[in-house]
Every structure is written in C-alpha cells, then in structure tokens.
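S.K.: Quick one: structure below, then a few questions.
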C-alpha cells in the first residue's frame, strides 16, 4: 500500500483516539479522562498508532495491530459499564473506529505480502481471514451492545458464547441425536449405496444410461420435502432423519461415482485387457482408484447436504432433542441466544466433518494433478 | 468412386445412426422409469396391505384377497399412495380449483415460486457483485474468500427459522423474509462459482490483453465475462434449486398457510398422505421447470457465443 | 517377401486379414488383405503414414480389435487365446502408468493380476528396473519422472512377466529426438539380451531402419502392405551407422515404398 495513504490512515486513527478523550462516551457516563486504567490503555493505543504512522511500512502492520488490540480492549471494557451499554455516543465510537481502521490498514498490508518463505506465507495466509473474521465478530459485539439492540433480535456473540458453554450437556445431547445418529448413519448408508449402484451401472452399461439422467433429475429436487413421509414410515425418532439423509446423499454419489468410474483413459483400459485381467481385478486396480477424486467430490458435497438434511428433517417433527428441534423450539420461545449457540454447534460440526473428509481426500488422492499446480 | 453412388448409402447410414442414437439415449431411461413405477405399485400393495386388512377387520365385513388388493390401490390415508392416486391428486390440485383458491396447487406453487425467483435474483446479483469485488481486490480475496468457502460447510438452511421469527418480530412477514432466506442461500454458491469463472481465463490470454494495454474494465468485459459464462449457468442451476428448497423450508417455522412447504406441513400434521405426495410432485415439477428455463437460456446464450 | 529358415518358429501367421468399419461417410477399410509371417526373435517395424493400418494391425494381433475377415495365429493359437495366455507385453504411445502407484508397484501391476507370488514379484521388479537402468527410483511416483523415464518403466513393465513377444505402438513418439536416440540404443540392447520377438510401430524412417531386422511398409486407403524389407546390420551397431551408405539405401527403399503407396499425397 502507498506509504502516504498508510500514514494518513494511521494518523486518522490517532486523531480518533484523541477525539475519544474529548467527546462524551455516553450521556450519563464518566468521560474517558476520568477512568483510571482505561485512559492509559487508550492513550497507549493512540501512541502506537502514531508510531505506525511514522513507520508507514511493513513494521506499521505489527504496531498497528497491537494498537488495535488495545483500543478494542478499551471499548469492550467500556461496554461493561452499564451507563455506556445501550447508549454509546461519539466518544465511544471513535475508539471503535480507530481500532477498525488500523486493522483494515494492517490487513491490506498483510494481504499484499506474497514472496515470503513457505512457512511464513502459510502463516500469513491463515492470519488474514482469521483477522478479518475476528474483526467482524468484534464489530458485531460492539454494535449490538453499544446501540442496545434487543437481544431477542440479535444477541451479541458474547451472549451466544456464554449460552453455548452454559448449555454443553444439552448441546451434546442434540449433537448425538442429530449428527451421530441421523447424519453419520444416513451418510454411510447413502454414500455406500450410491457407490454400489454406480459399480453395478459401470458393469452393465444399460443401467448407467438409464440411471444417470434419473440421478441428475433427482439430485435437483428438494428432497428434504420427503421428511414428513419418512416420519410416517419410520417414526419420529432418528431413523426417519437418517432415511432423509440416505435419500439426499444417494444421488450426488451415484452421479459422481458413475462419472468417476468411466474416467479412466482408453489406453489404461487396453492395458488391463492386454493382461487378460478379470472384471473384478480391473475394478479394484484401475477403475476404483481412478474414480477416487470424483468419489471424494461427492463425499464432500454430501457432508454438507447430510447435515442440512438431518436438521431440516427435524423441523418437520422430532421427539425431544436434536439440533433442528432445538432451533425451532427455542426460536419459537424467542431464546435467540440459544438458537445462535445451536447454530454455532452446527457450524462447528459441519466444518469439522468437511475437514475430516478433506483430510481423507488428501491422503488418498495425493497423486491427482490438481495437487501439483 | 463418383459422388452419386456414395450419397445414397451415406444418407441411409446417417439415418440409421441417428435413429440408433435416439434409441440408445431414451430406451434405457424409459425402461428404468417403467421399472420404478412397477416397483412403486408393488411396494404400495405391500405397505398398505396391513392397513386395509385391519380396516376390513374392524368393520367386521367379509373380504377377499382381491378386495384387499383393490383397497391398497385406493386407500384414503395410505402409507404409500399408488402412483395413479398421486397423479389424480396432483391433476385435481392443478386443474380442479380456480388458480388462486387456497386449495389449488397453482396458488401454493405461485407463492413459493415468487419467493424463489425473487430470492434467486437478489442472490444472483449480490453473488456476482461479490465475485467481481473479490476478483479485483487482493485484500478481499485473501480475507473474504476463505469465509465464503467455509460457509459452504455450514448448514445455512438451519438459519431459516430464526430469520423468519426475528424478521417477523420487527414486522416483516410474507414474501420478503422468505426471499431474503432464499437469496442468502444461493448467494454463496454463485459467488464461488463466479470467482472460479472470472479467474478461469488462461494466463496466456490475460498476458495477451496486457500486451494491448487493456484496462481492467476492458479485460473484464472482453475476456473474463465470456470465460465465466459456463460457470455462471452451472452455478445458476445449483442456485435456483437451493433457492426453491430455501423458500419451502422458510414456510415451515410459522406454520405457514400458503406455499408448497406449508402444504407439506399441513399434509403431515393432518395425515393427508396423498396431499403431501401431490405437493412433492408439484415441487418436483417446479424444480424441473426452473432448471429447464435456465437450461434454455443457457442454450440460447451458448449458440450466440458460437457453440454448436 | 523373404523365406524364413525352417528352424525358426513362426510367432505370427496372418492370412488375408481385413478390417472394415462403417462410418457416417461410408465404409472404411482400415486393413485390406494383409498377409504376414513373423518368426521368433525378429525385430519387425511397421511404418507408414496415419491411417495406413499399422496400429490397427498391432491391435488385431494383440486381440484389442477383431478383424472382419482373415485368419490369424499368434504363438500357434488364436489371438484371443494368446492374450488369455499372456503371450505378449504391450507398450502404448503414452506410458499409461497409474499415478496412485509407486514405480515399483506399477511394475508389479501385471504380476499381481497374473498371480505371481509376493517374493517372485519383488525379484522380477528389481531385475527389470535394473535392466532399464532405473534402479533407485522404486519409491518415486510417475509424475516425478521425466517422459523418457516413464516410458522406460512402461517397457520394463511389459517385460516383467516374460512374455514371448513385445508389441510397441510408437513408444517414443512423444519424446524429443535426443531422448529418443538414447532410448533406441537402450531398446536394442534389451532386445539383444532378452531375445524376444519385437513388433514395433513407428512414424520415423531412421528409427525403423536402425532397430529392425525386417521392415513392413504400409500405406493407407485401404490399409495394406506395400513392401517388406529385410535388414541385417551387425548386431552390435551404434547410432553412427545411420550415415552409412547401406543404411541410406534401405531408408531410400522405404521412402520409395511410401511414395508408391501415395503416402506423400494430400
């Protein structure tokens, strides 16, 4: 980034901190000058911003981030004061502005770094989105608490986190019901069945030509709509949710596996023919390994679809626990922080599941050209 | 060999080749569909058997096997309705009521469809705009793109109930919250698809543009957009199906009264199995029609861009 | 056509092989009345332009394609039985190595399929890796090797189960000339030490003349044999013979055959 713009930005941040000392924090609250520790912290932040403005190069990144951290801490500490929360005014927002501005400048600097050594580059590549996300959460927190947004409308992340850690047993129960029973079992059956039918279709071309268009057709349908029918057939408990997951994961696996099994080149097929290999040998030694990238593509898509399927199926009716159940009932009771805690659980479960599948993919398809670019 | 003696056999060869291609393409699918329908009938008989027989027992009327058989094909609250029952209910729902009557499937489909299409358009516009921003700003690419990819792994559909409830609490009901959910759902796949599309041109082609001192804007319109068209339509097809699912799921939390999702819910509450299945068929028809329309537009655009 | 010494067994006896298939533009004669006899231990090159049927002929001998008429005996059996008896190793234009297997596992692929024991597989893999001078690359993956090295692995793989014949379809076509010369010499060494019958399809006249004991010149539309040329250069020849008058005379004869078959026409 242009050093002059960088300098200007950090100078603006310094100016914002200065203004925070002068402008009122909130109608009934003590000004910043009168608060014993906070004024030191805010002052230190301001000095760091000044230093960053003076550096105006890559060193400014670290200094700026440190200053932002201090300013953020000051603003969060201010929110703990009841007279500030809900009625924050210009002084408070100046601190938030300074923090956000310096993070943004540091992010632009970091994002421009490209020619570092591998480990350093990996660290930077990880740091940029994490920093972005942390800032988003911070802004969410101060905005909701500073403006006094009603918790039923949008709770601050801290409320959701508190509720999360306070309700771990309930969350664990919901997780077991939805994920361990509904998702995992349905995922295993659905993907397994899809793969088996694809192998049959590979052997008997007539099946493939008939099933592929049907598979594409069914993949596009809102299959979660069959949830009430599954409830009718399998009862309210987790088997009906697993059945929905089976249906939802079967078709993407079928379509991708059929594509993968026919992905082998004709030279490799002639090679197997020249060895007089049996169909079983050709399947295990050529067609299946070559199909692995496609199979994993389906496994990744299905990981998300399975979780969505299980949760949405629970919206249609479920006994006493489950992520979808908890979300719909707590939403009905306006306990929005619990709903967000459940959403956080679902998000974590989804990312962990997807991450595991990706790790397995990397271990078994390391040889694919897409890893070598 | 003179040309005349070759054309006749050649034309016949082409004719047979074309006819074989049609046969090859449609016969397997047709066979599968017929097989599925046959299996469906058998399953309907098997699953409804106990139900129907118990009904006869309760009424203490004498019955024969063929009575029970006929009963399974015609039960009022079957476990698995027979195909003709579903078709009848569907046709009845579409043609049997005036289009805007509360029991007409057309009415419910229109309600869901309006949310779907509005959400789809909003989501597509935002998704493309975001993709454009990401492609042209390194900061946004490094900081935002990982989050967009992460969001793919999160069951975003689970957010539907709170959206509806929260927006309902501040007075927004009906079409708008459902569209917002649909928009939110299809915004991410479109953004990712378009980022892939905008970055798909061969580096050699981009270098060529640089040798002509093309501005970013010119590169965008003359190179990136045309390269992104296949990705655009692929992600639009995915997005419109997601948008439909989102609209249906969004109708659930409020115990809504209109829309396909509401119809599914009421069918399951009141044990109206056939109504449920008819609503599912309506959803399937909607999904296929929407994808078909996108496909048609795609073919039109492709033929104008020189594909055959 | 030359006569073979009575003591040498015939590994390929083809009689009036024809292969015709239908296309949208009418029937095409990929092979038309091709007759050929190949004795054990010969190195036979098939040369001609695209569409002359040389690859098709190789594939027919390998039972990868079936002729529409004619008789064919490979190693005294029908082509299909010869394939089922694993009488030949096939080397394609591309190395066709499986990227998910290490080089060593790639070499063992035919041995696994044909049921060799684990210890036998290991012995053979080592022997043939050494024979193509690739010792030390066992644990590498195909993409870590150059094109020439991959093709050498492919040749070693084709030899690993000791087939009677080696069928090679333009194996060096995708490589640059320097690598190609090097591999030609290596192939010659291999042939001399293993004493197999080699059927070799190529586009390159110098390659065919350098490597072969017999050259079959083919031409297209319809695919047929124009000329069969015997060459008997000394067994320990090197690339230098390519400038000698005898070499050039045979090359000229090949070129004349190609011209007679309209190979240089549009």
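S.K.: Would you list the helices (runs of 4 or more DSSP H) that sit entirely within the range B:70-170 and hold 1 or more residues that are within 27 Å of residue A:230 (Cβ to Cβ)?
M.R.: B:83-95, B:105-136, B:160-169
S.K.: For the range C:221-230, how many residues meet the condition of being buried (at least 20 other Cβ atoms within 10 Å of the Cβ) and not in a strand (DSSP E or B)?
M.R.: Total meeting the criteria: 1.
S.K.: Out of the residues in the range C:77-99 that are farther than 15 Å from residue A:274 by Cα and surrounded by fewer than 17 Cβ atoms within 10 Å (Cβ to Cβ), state the one that is nearest to the other protein chains (Cβ to nearest Cβ).
M.R.: C:99
S.K.: Looking at (1) at pLDDT 90 or above; (2) not in a loop (DSSP other than H, G, I, E, B), find the lone condition where residue C:41 falls short.
M.R.: (2)
S.K.: While we're here: Out of curiosity, is residue C:183 out of contact with any strand residue (DSSP E or B) (no Cβ under 6 Å at 6 or more places or on another chain), within 19 Å of residue C:241 (Cα to Cα), in contact (Cβ under 8 Å) with a residue 24 or more places away in the chain and surrounded by 23 or more Cβ atoms within 10 Å (Cβ to Cβ)?
M.R.: Criteria not met by residue C:183.
S.K.: Another question, then. Which pairs have Cβ atoms under 9 Å, sit 6 or more apart or on different chains, and link a residue in the range A:41-62 that is farther than 10 Å from residue A:11 by Cα to one that is part of a loop (DSSP other than H, G, I, E, B)?
M.R.: The qualifying pairs are A:42/A:35; A:58/A:113; A:61/A:113.
S.K.: Residue A:302 versus (1) crowded, with 23+ Cβ neighbours inside 10 Å; (2) at the interface with another protein chain (Cβ under 9 Å from one of its Cβ atoms); (3) modelled with pLDDT of 90 or more; (4) over 30 Å from residue C:59 (Cβ atoms): which is the lone unmet condition?
M.R.: Here residue A:302 clears every test but (2).
S.K.: May I ask you to list the residues in the range C:143-197 that are assigned to a strand (DSSP E or B) and more than 13 Å from chain A (Cβ to nearest Cβ)?
M.R.: Result: C:197, single match.
S.K.: Looking at the range C:107-126, which of the residues that are in contact (Cβ under 8 Å) with a residue 24 or more places away in the chain and surrounded by fewer than 20 Cβ atoms within 10 Å (Cβ to Cβ) is nearest to the chain's Cα centre (by Cα)? Walk me through how you get there before you give the answer.
M.R.: Step one: list which residues in the range C:107-126 are in contact (Cβ under 8 Å) with a residue 24 or more places away in the chain, which gives C:107-111, C:114, C:116, C:124-125.
Right, trim to surrounded by fewer than 20 Cβ atoms within 10 Å (Cβ to Cβ) and you get C:114, C:116.
Values: C:114: 22, C:116: 25 Å.
Result: C:114.
S.K.: Further, regarding this structure: For the range B:184-300, list the helices (runs of 4 or more DSSP H) that sit wholly inside it and hold at least 1 residues that are in contact (Cβ under 8 Å) with a residue 12 or more places away in the chain, farther than 20 Å from residue B:105 by Cβ and more than 10 Å from chain A (Cβ to nearest Cβ); which are they?
M.R.: Ranges flagged: B:203-211, B:216-219, B:225-250.
S.K.: Okay, next question. Please list, ordered by first then second residue, the pairs with beta carbon atoms under 6 Å, 6 or more apart or interchain, first in the range A:308-330 and on the phi > 0 side of the Ramachandran plot, second in a helix (DSSP H, G or I).
M.R.: These pairs meet every condition: A:317/A:231; A:322/A:174; A:322/A:177; A:322/A:178; A:322/A:314.
S.K.: Return yes or no: is residue B:151 in the same structural domain as residue B:114 (by TED's automatic domain parsing), without any contact (Cβ under 8 Å) to a residue 60 or more places away in the chain and on the phi > 0 side of the Ramachandran plot? Don't jump to the end; show me each part of the working.
M.R.: Details: in the same structural domain as residue B:114 (by TED's automatic domain parsing): yes; without any contact (Cβ under 8 Å) to a residue 60 or more places away in the chain: yes; on the phi > 0 side of the Ramachandran plot: no.
No: the conditions fail for residue B:151.
S.K.: Considering C:133, C:81, C:106, which residue is under 27 Å from residue A:362 (Cβ atoms) and out of contact with any strand residue (DSSP E or B) (no Cβ under 6 Å at 6 or more places or on another chain)?
M.R.: Selected residue: C:106, the only one of C:133, C:81, C:106 that is under 27 Å from residue A:362 (Cβ atoms) and out of contact with any strand residue (DSSP E or B) (no Cβ under 6 Å at 6 or more places or on another chain).
S.K.: Take the conditions farther than 27 Å from residue A:313 by Cα, in contact with a helix residue (DSSP H, G or I) (Cβ under 8 Å, 6 or more places away or on another chain) and assigned by TED's automatic domain parsing to the domain that holds residue B:163 and apply them to residue B:251. Does it pass?
M.R.: Criteria not met by residue B:251.
S.K.: Would a scan of the range A:65-73 turn up a residue that is over 30 Å from residue A:114 (Cβ atoms), in the same structural domain as residue A:131 (by TED's automatic domain parsing) and surrounded by fewer than 23 Cβ atoms within 10 Å (Cβ to Cβ)? Before you say what the answer is, go through the steps one by one.
M.R.: Step one: list which residues in the range A:65-73 are over 30 Å from residue A:114 (Cβ atoms), which gives A:73.
Those left that are additionally in the same structural domain as residue A:131 (by TED's automatic domain parsing): A:73.
Within this subset, residues satisfying the condition of being surrounded by fewer than 23 Cβ atoms within 10 Å (Cβ to Cβ) are A:73.
The answer is yes, given that some residue of the range A:65-73 is over 30 Å from residue A:114 (Cβ atoms), in the same structural domain as residue A:131 (by TED's automatic domain parsing) and surrounded by fewer than 23 Cβ atoms within 10 Å (Cβ to Cβ).
S.K.: What residue, of A:327, A:295, is out of contact with any strand residue (DSSP E or B) (no Cβ under 7 Å at 6 or more places or on another chain), part of a helix (DSSP H, G or I) and more than 10 Å from chain B (Cβ to nearest Cβ)?
M.R.: A:295
S.K.: I want to confirm something. Restricting to the range C:65-76 and keeping residues that are surrounded by 20 or more Cβ atoms within 10 Å (Cβ to Cβ) and part of a loop (DSSP other than H, G, I, E, B), which single residue is farthest from the other protein chains (Cβ to nearest Cβ)?
M.R.: By that ranking, first place goes to C:67.
S.K.: Checking residue A:236 against (1) in a helix (DSSP H, G or I); (2) more than 10 Å from chain B (Cβ to nearest Cβ); (3) in contact (Cβ under 8 Å) with a residue 24 or more places away in the chain, which single condition isn't satisfied?
M.R.: Exception for residue A:236: condition (1).
The values are calculated or read from the model by the stated rules, or taken from the named source; none is laboratory data. Just so it is clear, the structure is predicted and the values come from calculations on it, not from any experiment. Note: ideal-geometry Cβ built from the backbone for every residue, glycine included; neighbour counts use all protein chains shown.
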